[in-house]
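Heads up, the thing below is written out as structure tokens.
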């Protein structure tokens, strides 16, 4: 019984539907991309993540975002020393599907740029939370981080967005 409930819950969470338990050849469809969301990070509703450690905030785009963008082929990032503002664009991600702005979750000064992305922009697809980080910022107003989404709220935001 527990396995049936788990499978039903998993199917509902993934939005998998079939033609019925007794049908001869059930047809299944998955209507949403299942993305990884990490605890301990903060998220924006525009699909950026930030990891705040000491005086440094590391910023990138989420697994959900890279999955919807498709293969990333080019990145435009700011220079070290540039000023960024919370909610404002600091660069662009170009994929085979679209070009999208990347917004900063926090205001401050860029102290490091992931130069690996210039040569290997696909790191955003293969490792969005580790090797695919974009910039490191020294926050000028760390309290801005308090208004960002935690993992549970970001997951709910993505589910609601994908439902439309």
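Every read-out reported here was derived from the displayed coordinates using simple, explicitly stated rules and does not represent laboratory data. Just so you know, these numbers come straight off a predicted model, no measurement behind them. Cβ coordinates were reconstructed from backbone atoms using ideal geometry, including for glycine residues, and neighbour counts include every protein chain displayed.
Using 1/(1 + (r/R0)^6) with R0 = 35 angstrom and r between the beta carbons of residue 109 and residue 163, what's the FRET efficiency to the nearest 0.05? Each step should come with its number before you reach the end.
Values: r = 38 Å, r/R0 = 1.09.
The calculated FRET efficiency here is 0.35.
Cα centroids of the range 97-122 and the range 76-94: 6 Å apart.
Quick check of the Kirkwood formula: for the range 42-163, what is the inverse mean of 1/r over all pairs of different Cα atoms, in Å? Can you show the working numbers first?
Working: mean 1/r = 0.0703 Å⁻¹.
Every distinct Cα pair counted, the radius reaches 14.2 Å.
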